[in-house]
Amino acid sequence: MNRISDLVKSRILVSDGAWGTFLQQKGLQPGECPELWNVTHREGVLDIARSYVAAGADMIETNSFGGSRFKLGKYGLADRVTELNQAAAEISREAAGSEKLVLGSIGPTGKMLITEEVTPEELYDAFREQAMALEAGGADAIVVETMSDLDEAVLAVRAAKENTLLEVICTMTFDKLVTGEYRTMMGISPSDMIKPLLEAGATILGTNCGNGMAGMIPVVEEIRKADPDVPILVHANAGVPLYRDGKTIFPESPEEMASYIPELIKAGANIIGGCCGTTPEHIKKMKSAINNMFSKV
Ligand SMILES: [Zn+2]
């Protein structure tokens, strides 16, 4: 399988959309473990994966965002990391076939290094266990995502790089400050993350969640300015969430999100997909926006 960072040299790639909000639509209840669905509701999870392949995604993620022993431990499932992550990768592999790529998703553990509630060794071990299970299930790459602590992100990237043969991608979540600059919750800027994550073994960097498409453009510009070469992946939310009648609503339509594609590519994005609130329809529209741009050339 071609490494993704080689594929981006010849074209813009399309990634998939949301999993968490899609699982909720399929009936995942608050307080239920999303990753347990890989064995209890396999068909539902497979259907999500297939719907993104059908929408035209070049790569799809796995239902394993909260698959670390720390996150699974909240549901009493800490001893099922290997089983649930391997199942996640197998489901996405089945949907992707041999043509499309599978990105094994690894999210934050929810444990804070800074308060010493967890040691770096414990985090490394947890990420190693998860990454190896995703590789065993057939993932082509690992995507460490939604990170706000750079030290945790570095440990996750290193653990995946040192214990699997897979390419490692890392995306962090940035919010806009009143000054107009972007920082993670832990105060990391888009340019701060580049050197430590590349040294840890990541080959593709980027940003996910937190912002709609418009908010991703300055983040991508900052990364591209600091590093002219690193492939950049963007998984944008369908806008900034609104709370209405006790429900979370993601306001950006597929057309609206797709309208930012030319600017996002101009800023330097190489791989574009969606995060919370995005659907197969959003991915389909993004894909055709990309196709339109390049068919005119
Ligand atoms: Zn998100």
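I'd like the Karplus ³J(HN,Hα) series for the range 21-26: coefficients 6.51, -1.76, 1.60, θ = phi - 60°, whole numbers in Hz, and an x wherever there's a Gly or Pro.
Computed from phi, the couplings for the range 21-26 are 5, 5, 4, 5, 4, 7 Hz.
Where Rh is the Kirkwood radius over the Cα pairs of the chain, the temperature 20 °C and the viscosity 1.002 mPa s, what D in µm²/s does Stokes-Einstein return? Spell out each step's value before the answer.
Working: Rh = 18.8 Å.
It comes out at roughly 114 µm²/s.
How big is the gap, in Å, between the Cα center of the range 129-169 and the Cα center of the range 278-297?
Here the two parts' Cα centres lie 28 Å apart.
Mind checking the per residue accessible area of the chain for me, 1.4 Å probe, whole number of Å²? Each step should come with its number before you reach the end.
Numbers: 12580 Å² over 297 residues.
Using a 1.4 Å probe on heavy atoms only, each residue of the chain averages 42 Å².
Return P(r) of the range 36-189 (all Cα-Cα pairs; 10 Å bins starting at 0; whole %; ordered from short to long distances).
The percentages, shortest bin first, are 12, 40, 33, 14, 2.
Which of these, Ser191, Ser98, Ser15, has the largest mean-square fluctuation under a Gaussian network model of the chain (Cα springs below 10 Å)?
Per the Cα network of the chain with a 10 Å cutoff, Ser98 tops the list.
Hey, which of these cross-link pairs are over 19 Å Cα-Cα: Lys74/Lys176; Lys100/Lys287; Lys71/Lys100; Lys26/Lys71? Let's see the in-between values first.
Numbers: Lys74/Lys176 31 Å; Lys100/Lys287 15 Å; Lys71/Lys100 28 Å; Lys26/Lys71 21 Å.
Cα-Cα > 19 Å for Lys74/Lys176; Lys71/Lys100; Lys26/Lys71; rest within.
To the nearest 20 debye, what charge dipole does the range 35-194 have about its Cα centre, counting +1 at the Cβ of each Lys and Arg and -1 at the Cβ of each Asp and Glu? Spell out each step's value before the answer.
On the way: 14 positive and 27 negative charges, 54 e Å.
Value, rounded to 20: 260 debye.
With a 1.4 Å probe and all protein chains kept in place, how do Leu113, Leu72 rank by accessible area, largest first?
Details: Leu113 30, Leu72 0 Å².
These residues rank, largest area first, as Leu113, Leu72.
Could you work out the mean projected area of the convex hull around the alpha carbons of the range 236-297, in square nanometres to one decimal?
So the mean shadow area of the Cα hull is 4.3 nm².
Tell me the accessible surface of Arg3 in square angstrom (1.4 angstrom probe, heavy atoms of protein chains only), to the nearest ten.
110 Å²
Quick one: Debye curve from the C-alpha atoms of the range 93-171, no solvent, what's log10 I(q)/I(0) at q = 0.11 Å⁻¹?
Values, matching the q order: -0.27.
About the Cα centre of the range 83-129, how large is the charge dipole given +1 on each Lys and Arg Cβ and -1 on each Asp and Glu Cβ? Please answer in debye to the nearest 20.
Details: 4 positive and 10 negative charges, 55 e Å.
The dipole of the range 83-129 has a size of about 260 debye.
Over the chain, what percent of the accessible surface lies on carbon and sulfur atoms, probe 1.4 Å? Provide the component values of the computation, followed by the final result.
On the way: 6530 of 12580 Å².
Ligands and nucleic acids excluded, carbon and sulfur reach 52 percent.
With all protein chains present, calculate the accessible area of Trp19 using a 1.4 Å probe and round the result to the nearest 10 Å².
20 Å²
For Asp79, Asp175, what's the largest-to-smallest order of accessible area, 1.4 Å probe? Could the numbers behind the result be given before it?
Working: Asp79 135, Asp175 65 Å².
Largest accessible area first, the list is Asp79, Asp175.
Run through the DSSP bridge list for the chain and note the antiparallel percent, rounded to the nearest 5.
15 percent
Distance between Cα centroids, the range 78-99 to the range 220-265: provide it in whole Å.
First find each Cα centre; the distance between them is then 27 Å.
Just the accessible area for Lys287, please: 1.4 Å probe, Å², rounded to the nearest 10?
Its accessible surface works out to 50 Å², give or take rounding.
Students sometimes get this wrong: rank Met59, Met293 by accessible area, probe 1.4 Å, all chains present, largest first. Don't skip to the end; give the middle numbers.
Details: Met59 0, Met293 55 Å².
Accessible-area ranking of Met59, Met293, largest first: Met293, Met59.
Let me know the charge dipole size of the chain about its Cα centre in debye, to the nearest 20, where only the beta-carbon of Lys, Arg (+1) and Asp, Glu (-1) is charged.
Details: 28 positive and 41 negative charges, 160 e Å.
Magnitude of the dipole: close to 760 debye.
The values are calculated or read from the model by the stated rules, or taken from the named source; none is laboratory data. Every value quoted in this text rests on a predicted model; they were computed, and no experiment measured them. No Cβ is skipped: glycine too gets one built from the backbone with ideal geometry, and neighbour counts run over all protein chains shown. The accessibility values were calculated without ligands, DNA or RNA, using every heavy atom of the protein model including side chains. Shrake-Rupley method; radii C 1.70, N 1.55, O 1.52, S 1.80 Å.
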